[in-house]
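Novice: Got a structure for you, written out below as C-alpha coordinates; questions coming shortly.
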Amino acid sequence: MTYLMTAAIIVSIISVILVLVLLFMRKRIALVIRLFNEAGKAVHAMPLIILQPLVFSRWWNLFMITWMTQFVLGCQHLIVAGAVSIWFFTRDKRKIEFPIALSYARLLRYHLGSIAFGSLIVAIVKMIRYILNTVQKRLGGTNVICKGLAYCCQCFIWCLEKFLIFLNRNAYIEIAIHGYGFCKSAKKAFNVIVNNALRLAAINSIGDFVLFLAKISIVVLTVFIGHELIKNKNDIHHIWVPLTLGGIFAYFVAHCFISVYEVTTKC
(Lines give C-alpha, C1' and ligand atoms only; values in the text may rest on other atoms or scores of the structure.)
Protein backbone atom coordinates (compact mmCIF):
# COMPACT_ATOMS: atom_id res chain seq x y z
CA MET A 1 0.00 0.00 0.00
CA THR A 2 2.87 2.36 0.74
CA TYR A 3 4.24 2.02 -2.82
CA LEU A 4 0.79 2.65 -4.32
CA MET A 5 0.28 5.72 -2.17
CA THR A 6 3.70 7.09 -3.19
CA ALA A 7 3.00 6.46 -6.87
CA ALA A 8 -0.42 8.15 -6.60
CA ILE A 9 1.12 11.24 -4.99
CA ILE A 10 3.82 11.49 -7.68
CA VAL A 11 1.25 11.11 -10.50
CA SER A 12 -0.98 13.73 -8.87
CA ILE A 13 1.91 16.21 -8.60
CA ILE A 14 2.89 15.64 -12.26
CA SER A 15 -0.76 16.09 -13.32
CA VAL A 16 -1.06 19.38 -11.42
CA ILE A 17 2.20 20.63 -12.99
CA LEU A 18 0.97 19.70 -16.50
CA VAL A 19 -2.35 21.48 -15.92
CA LEU A 20 -0.57 24.62 -14.73
CA VAL A 21 1.78 24.53 -17.73
CA LEU A 22 -1.20 24.17 -20.08
CA LEU A 23 -2.96 27.10 -18.43
CA PHE A 24 0.07 29.39 -18.61
CA MET A 25 0.92 28.39 -22.21
CA ARG A 26 -2.60 28.25 -23.64
CA LYS A 27 -1.87 31.09 -26.07
CA ARG A 28 1.29 29.39 -27.31
CA ILE A 29 -0.60 26.12 -27.73
CA ALA A 30 -3.26 27.89 -29.76
CA LEU A 31 -0.53 29.35 -31.97
CA VAL A 32 1.01 25.89 -32.49
CA ILE A 33 -2.42 24.52 -33.45
CA ARG A 34 -2.82 27.27 -36.06
CA LEU A 35 0.66 26.51 -37.40
CA PHE A 36 -0.23 22.82 -37.76
CA ASN A 37 -3.42 23.78 -39.57
CA GLU A 38 -1.49 25.93 -42.04
CA ALA A 39 1.09 23.16 -42.50
CA GLY A 40 -1.71 20.69 -43.22
CA LYS A 41 -3.15 23.04 -45.84
CA ALA A 42 0.28 23.42 -47.47
CA VAL A 43 0.85 19.66 -47.62
CA HIS A 44 -2.69 19.16 -48.97
CA ALA A 45 -1.99 21.73 -51.70
CA MET A 46 1.38 20.13 -52.54
CA PRO A 47 1.04 16.38 -51.81
CA LEU A 48 4.21 15.50 -53.72
CA ILE A 49 6.25 17.31 -51.06
CA ILE A 50 5.82 14.21 -48.87
CA LEU A 51 7.95 12.26 -51.36
CA GLN A 52 10.82 14.76 -51.08
CA PRO A 53 12.65 12.76 -48.32
CA LEU A 54 12.53 9.70 -50.58
CA VAL A 55 14.13 11.67 -53.44
CA PHE A 56 16.85 13.01 -51.13
CA SER A 57 17.39 9.54 -49.70
CA ARG A 58 17.76 8.11 -53.19
CA TRP A 59 20.46 10.61 -54.17
CA TRP A 60 22.20 10.24 -50.80
CA ASN A 61 22.27 6.45 -51.08
CA LEU A 62 23.58 6.69 -54.63
CA PHE A 63 26.33 9.05 -53.47
CA MET A 64 27.35 6.79 -50.58
CA ILE A 65 27.39 3.69 -52.81
CA THR A 66 29.54 5.53 -55.35
CA TRP A 67 31.90 6.79 -52.65
CA MET A 68 32.27 3.38 -50.99
CA THR A 69 32.89 1.71 -54.36
CA GLN A 70 35.68 4.16 -55.17
CA PHE A 71 37.04 3.79 -51.62
CA VAL A 72 37.27 -0.01 -51.90
CA LEU A 73 38.92 0.24 -55.32
CA GLY A 74 41.40 2.78 -53.94
CA CYS A 75 42.27 0.48 -51.04
CA GLN A 76 42.85 -2.36 -53.49
CA HIS A 77 45.16 -0.24 -55.66
CA LEU A 78 47.13 1.02 -52.66
CA ILE A 79 47.57 -2.47 -51.20
CA VAL A 80 48.82 -3.87 -54.52
CA ALA A 81 51.09 -0.87 -55.12
CA GLY A 82 52.45 -1.07 -51.57
CA ALA A 83 53.25 -4.78 -51.81
CA VAL A 84 54.93 -4.33 -55.22
CA SER A 85 56.97 -1.35 -53.98
CA ILE A 86 58.17 -3.37 -50.96
CA TRP A 87 59.23 -6.20 -53.24
CA PHE A 88 60.86 -3.93 -55.82
CA PHE A 89 62.88 -1.71 -53.46
CA THR A 90 64.17 -4.56 -51.28
CA ARG A 91 67.61 -5.56 -52.54
CA ASP A 92 67.70 -8.95 -50.92
CA LYS A 93 64.40 -10.58 -51.90
CA ARG A 94 64.99 -13.33 -49.33
CA LYS A 95 64.49 -10.81 -46.54
CA ILE A 96 60.97 -9.96 -47.67
CA GLU A 97 58.40 -11.18 -45.16
CA PHE A 98 54.66 -10.82 -45.70
CA PRO A 99 54.69 -7.79 -48.06
CA ILE A 100 50.92 -7.93 -48.57
CA ALA A 101 50.25 -7.97 -44.82
CA LEU A 102 52.69 -5.07 -44.36
CA SER A 103 50.92 -3.13 -47.12
CA TYR A 104 47.57 -3.76 -45.37
CA ALA A 105 49.02 -2.51 -42.08
CA ARG A 106 50.37 0.69 -43.67
CA LEU A 107 47.02 1.33 -45.31
CA LEU A 108 45.05 0.91 -42.08
CA ARG A 109 47.50 2.92 -39.99
CA TYR A 110 48.48 5.80 -42.27
CA HIS A 111 46.57 6.10 -45.54
CA LEU A 112 42.82 5.57 -44.99
CA GLY A 113 42.26 9.34 -44.97
CA SER A 114 44.08 9.76 -48.28
CA ILE A 115 42.00 7.03 -49.90
CA ALA A 116 38.78 8.50 -48.48
CA PHE A 117 39.64 11.99 -49.79
CA GLY A 118 40.63 10.77 -53.25
CA SER A 119 37.54 8.58 -53.57
CA LEU A 120 35.35 11.46 -52.34
CA ILE A 121 36.55 13.69 -55.18
CA VAL A 122 35.72 11.04 -57.77
CA ALA A 123 32.34 10.36 -56.13
CA ILE A 124 31.41 14.05 -56.25
CA VAL A 125 32.28 14.27 -59.95
CA LYS A 126 30.30 11.09 -60.65
CA MET A 127 27.29 12.53 -58.81
CA ILE A 128 27.51 15.72 -60.88
CA ARG A 129 27.47 13.56 -64.01
CA TYR A 130 24.45 11.61 -62.73
CA ILE A 131 22.60 14.86 -62.00
CA LEU A 132 23.45 16.27 -65.43
CA ASN A 133 22.24 13.05 -67.01
CA THR A 134 18.93 13.37 -65.13
CA VAL A 135 18.57 17.02 -66.17
CA GLN A 136 19.36 16.07 -69.76
CA LYS A 137 16.57 13.48 -69.73
CA ARG A 138 14.16 16.01 -68.22
CA LEU A 139 14.91 18.52 -70.98
CA GLY A 140 13.42 16.09 -73.48
CA GLY A 141 12.06 18.02 -76.43
CA THR A 142 13.46 21.43 -75.54
CA ASN A 143 15.46 23.55 -77.96
CA VAL A 144 18.62 22.37 -79.61
CA ILE A 145 20.87 24.84 -77.78
CA CYS A 146 19.98 23.49 -74.33
CA LYS A 147 20.45 19.91 -75.46
CA GLY A 148 23.80 20.82 -77.05
CA LEU A 149 24.99 22.51 -73.85
CA ALA A 150 23.88 19.48 -71.83
CA TYR A 151 25.83 17.14 -74.11
CA CYS A 152 28.92 19.35 -73.87
CA CYS A 153 28.69 19.40 -70.07
CA GLN A 154 28.25 15.63 -70.01
CA CYS A 155 31.31 15.16 -72.21
CA PHE A 156 33.43 17.51 -70.09
CA ILE A 157 32.40 15.86 -66.81
CA TRP A 158 33.04 12.40 -68.28
CA CYS A 159 36.55 13.41 -69.37
CA LEU A 160 37.21 15.00 -65.98
CA GLU A 161 36.01 11.87 -64.20
CA LYS A 162 38.28 9.58 -66.24
CA PHE A 163 41.25 11.89 -65.68
CA LEU A 164 40.65 12.03 -61.92
CA ILE A 165 40.41 8.23 -61.74
CA PHE A 166 43.70 7.96 -63.64
CA LEU A 167 45.30 10.64 -61.46
CA ASN A 168 44.06 8.99 -58.27
CA ARG A 169 45.52 5.66 -59.31
CA ASN A 170 48.93 7.22 -59.86
CA ALA A 171 48.60 9.23 -56.64
CA TYR A 172 47.95 6.01 -54.71
CA ILE A 173 51.14 4.59 -56.21
CA GLU A 174 53.05 7.66 -54.99
CA ILE A 175 51.48 7.21 -51.54
CA ALA A 176 52.47 3.54 -51.46
CA ILE A 177 56.08 4.28 -52.46
CA HIS A 178 56.83 7.50 -50.58
CA GLY A 179 54.14 7.66 -47.87
CA TYR A 180 53.04 11.23 -48.76
CA GLY A 181 49.57 12.65 -48.17
CA PHE A 182 47.03 12.62 -50.96
CA CYS A 183 47.49 16.23 -52.16
CA LYS A 184 51.27 16.02 -52.37
CA SER A 185 51.09 12.60 -54.03
CA ALA A 186 48.51 13.85 -56.55
CA LYS A 187 50.76 16.83 -57.36
CA LYS A 188 53.79 14.59 -57.92
CA ALA A 189 51.69 12.16 -59.98
CA PHE A 190 50.39 15.05 -62.11
CA ASN A 191 53.93 16.30 -62.73
CA VAL A 192 55.04 12.81 -63.75
CA ILE A 193 52.07 12.50 -66.13
CA VAL A 194 52.68 15.92 -67.72
CA ASN A 195 56.44 15.43 -68.10
CA ASN A 196 56.05 11.94 -69.58
CA ALA A 197 52.72 12.28 -71.37
CA LEU A 198 53.69 10.66 -74.68
CA ARG A 199 55.64 7.83 -73.07
CA LEU A 200 52.85 7.07 -70.60
CA ALA A 201 50.24 7.21 -73.36
CA ALA A 202 52.16 4.70 -75.47
CA ILE A 203 52.90 2.34 -72.57
CA ASN A 204 49.38 2.50 -71.15
CA SER A 205 47.75 2.02 -74.55
CA ILE A 206 49.82 -1.04 -75.40
CA GLY A 207 49.52 -2.45 -71.89
CA ASP A 208 45.75 -1.91 -71.73
CA PHE A 209 45.33 -3.52 -75.15
CA VAL A 210 47.32 -6.58 -74.11
CA LEU A 211 45.33 -6.92 -70.88
CA PHE A 212 42.09 -6.52 -72.82
CA LEU A 213 43.16 -9.31 -75.15
CA ALA A 214 43.86 -11.46 -72.10
CA LYS A 215 40.34 -10.82 -70.78
CA ILE A 216 38.76 -11.60 -74.15
CA SER A 217 40.84 -14.78 -74.43
CA ILE A 218 39.57 -15.94 -71.04
CA VAL A 219 35.97 -15.19 -72.05
CA VAL A 220 36.33 -17.02 -75.39
CA LEU A 221 37.97 -20.01 -73.70
CA THR A 222 35.24 -20.12 -71.05
CA VAL A 223 32.46 -19.96 -73.64
CA PHE A 224 34.14 -22.63 -75.78
CA ILE A 225 34.57 -25.01 -72.84
CA GLY A 226 30.99 -24.36 -71.76
CA HIS A 227 29.73 -25.08 -75.26
CA GLU A 228 31.62 -28.36 -75.40
CA LEU A 229 30.24 -29.40 -72.00
CA ILE A 230 26.57 -28.69 -72.67
CA LYS A 231 26.20 -29.14 -76.43
CA ASN A 232 24.90 -32.71 -75.99
CA LYS A 233 22.52 -31.84 -73.14
CA ASN A 234 19.04 -32.46 -74.55
CA ASP A 235 17.30 -30.78 -71.61
CA ILE A 236 18.85 -27.37 -72.47
CA HIS A 237 16.74 -25.71 -75.18
CA HIS A 238 18.47 -22.33 -75.37
CA ILE A 239 22.18 -22.97 -75.17
CA TRP A 240 23.10 -19.32 -75.68
CA VAL A 241 21.60 -18.27 -72.31
CA PRO A 242 24.06 -20.13 -70.03
CA LEU A 243 26.91 -19.41 -72.43
CA THR A 244 26.18 -15.67 -72.34
CA LEU A 245 25.90 -15.61 -68.55
CA GLY A 246 29.09 -17.64 -68.25
CA GLY A 247 30.92 -15.30 -70.60
CA ILE A 248 29.81 -12.22 -68.64
CA PHE A 249 30.80 -13.79 -65.34
CA ALA A 250 34.16 -14.89 -66.80
CA TYR A 251 34.85 -11.32 -67.98
CA PHE A 252 34.21 -9.81 -64.55
CA VAL A 253 36.34 -12.45 -62.81
CA ALA A 254 39.14 -11.93 -65.34
CA HIS A 255 38.87 -8.16 -64.88
CA CYS A 256 39.23 -8.49 -61.09
CA PHE A 257 42.39 -10.59 -61.32
CA ILE A 258 43.99 -8.87 -64.30
CA SER A 259 43.50 -5.46 -62.64
CA VAL A 260 46.22 -6.60 -60.21
CA TYR A 261 48.63 -6.87 -63.14
CA GLU A 262 47.43 -3.51 -64.40
CA VAL A 263 48.31 -1.77 -61.14
CA THR A 264 51.58 -3.72 -60.86
CA THR A 265 52.77 -2.63 -64.31
CA LYS A 266 52.13 1.02 -63.44
CA CYS A 267 54.12 0.97 -60.19
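Novice: Kindly provide the set of residues from region 224-262 that are surrounded by fewer than 14 Cβ atoms within 10 Å (Cβ to Cβ), assigned to a helix (DSSP H, G or I) and among the polar types (S, T, N, Q), ordered by number. Don't jump to the end; show me each part of the working.
Specialist: Taking region 224-262 as the starting set, the residues that turn out to be surrounded by fewer than 14 Cβ atoms within 10 Å (Cβ to Cβ) are 224-225, 228-229, 231-241, 244-245, 248-249, 252, 256-257.
Subsequent filtering for residues that are assigned to a helix (DSSP H, G or I) retains 224-225, 228-229, 240-241, 244-245, 248-249, 252, 256-257.
Hit for region 224-262 is THR244, nothing else.
Novice: Further question: Tally time: how many residues in region 203-257 are over 24 Å from HIS77 (Cβ atoms), small (Gly, Ala, Ser) and within 27 Å of the chain's Cα centre (by Cα)?
Specialist: Residues flagged as over 24 Å from HIS77 (Cβ atoms), small (Gly, Ala, Ser) and within 27 Å of the chain's Cα centre (by Cα) within region 203-257 amount to 2.
Novice: Looking at the structure I just gave you, is MET127 open to solvent by 30 Å² or more (accessible area, probe 1.4 Å) and either modelled with pLDDT under 85 or closer than 27 Å to GLN154 by Cβ (or both)?
Specialist: Values: open to solvent by 30 Å² or more (accessible area, probe 1.4 Å): no; either modelled with pLDDT under 85 or closer than 27 Å to GLN154 by Cβ (or both): yes.
So MET127 fails the test.
Novice: A follow-up question, please. How do the pairs read when you match residues in region 70-87 that are at positive phi and surrounded by 23 or more Cβ atoms within 10 Å (Cβ to Cβ) with residues anywhere that are of a type in the set (A, V, I, L, M) and not in a helix (DSSP H, G or I), using Cβ under 8 Å and keeping only pairs 6 or more apart or on different chains?
Specialist: none
Novice: Here is a further query. Residue check: is ARG58 open to solvent by 60 Å² or more (accessible area, probe 1.4 Å), over 19 Å from THR264 (Cα atoms) and part of a helix (DSSP H, G or I)? Spell out how you get there, then give the answer.
Specialist: On the way: open to solvent by 60 Å² or more (accessible area, probe 1.4 Å): yes; over 19 Å from THR264 (Cα atoms): yes; part of a helix (DSSP H, G or I): yes.
Spelling it out, ARG58 is indeed open to solvent by 60 Å² or more (accessible area, probe 1.4 Å), over 19 Å from THR264 (Cα atoms) and part of a helix (DSSP H, G or I).
Novice: Another question about this same structure. Which pairs do you get when a residue that is in contact (Cβ under 8 Å) with a residue 12 or more places away in the chain, found in region 207-235, comes within reach of a residue that is hydroxyl-bearing (Ser, Thr, Tyr), reach meaning Cβ atoms under 8 angstrom, with the pair 6+ apart or on two chains?
Specialist: GLY207/THR265; LEU211/TYR261; LYS215/TYR251; ILE218/TYR251; VAL219/TYR251
Novice: While we're here: Does any residue of region 155-162 turn out to be surrounded by 13 or more Cβ atoms within 10 Å (Cβ to Cβ) and over 26 Å from the mean Cα position of the chain (by Cα)? Explain how you work it out, then say what you get.
Specialist: We begin by selecting, within region 155-162, every residue surrounded by 13 or more Cβ atoms within 10 Å (Cβ to Cβ); these are 157-158, 160-161.
The next check asks that each one be over 26 Å from the mean Cα position of the chain (by Cα); those that pass are none.
Looking through region 155-162, none of the residues is surrounded by 13 or more Cβ atoms within 10 Å (Cβ to Cβ) and over 26 Å from the mean Cα position of the chain (by Cα).
Novice: Test LEU245 against the criterion of being aliphatic (A, V, I, L, M) and free of Cβ contacts under 8 Å to residues at least 12 places away in the same chain, and give yes or no.
Specialist: On the way: aliphatic (A, V, I, L, M): yes; free of Cβ contacts under 8 Å to residues at least 12 places away in the same chain: yes.
Against the criterion (aliphatic (A, V, I, L, M) and free of Cβ contacts under 8 Å to residues at least 12 places away in the same chain), LEU245 qualifies.
Novice: Still on this structure, I have one more. Only one of VAL192, VAL220 is closer than 18 Å to ILE165 by Cα, open to solvent by less than 100 Å² (accessible area, probe 1.4 Å) and out of contact with any Leu (no Cβ under 7 Å at 6 or more places or on another chain); which?
Specialist: Values: VAL220 fails: closer than 18 Å to ILE165 by Cα.
Just a single option satisfies the conditions, and that option is VAL192.
The values are calculated or read from the model by the stated rules, or taken from the named source; none is laboratory data. It should be emphasised that the depicted structure is a prediction, and the values quoted were computed from it without experimental measurement. In this analysis, Cβ positions are derived from the backbone assuming ideal geometry, glycine residues included, and neighbour counts consider all displayed protein chains. To get the accessible areas, we keep the full protein, side chains included, count just its heavy atoms, and leave off ligands, DNA and RNA. Shrake-Rupley method; radii C 1.70, N 1.55, O 1.52, S 1.80 Å.
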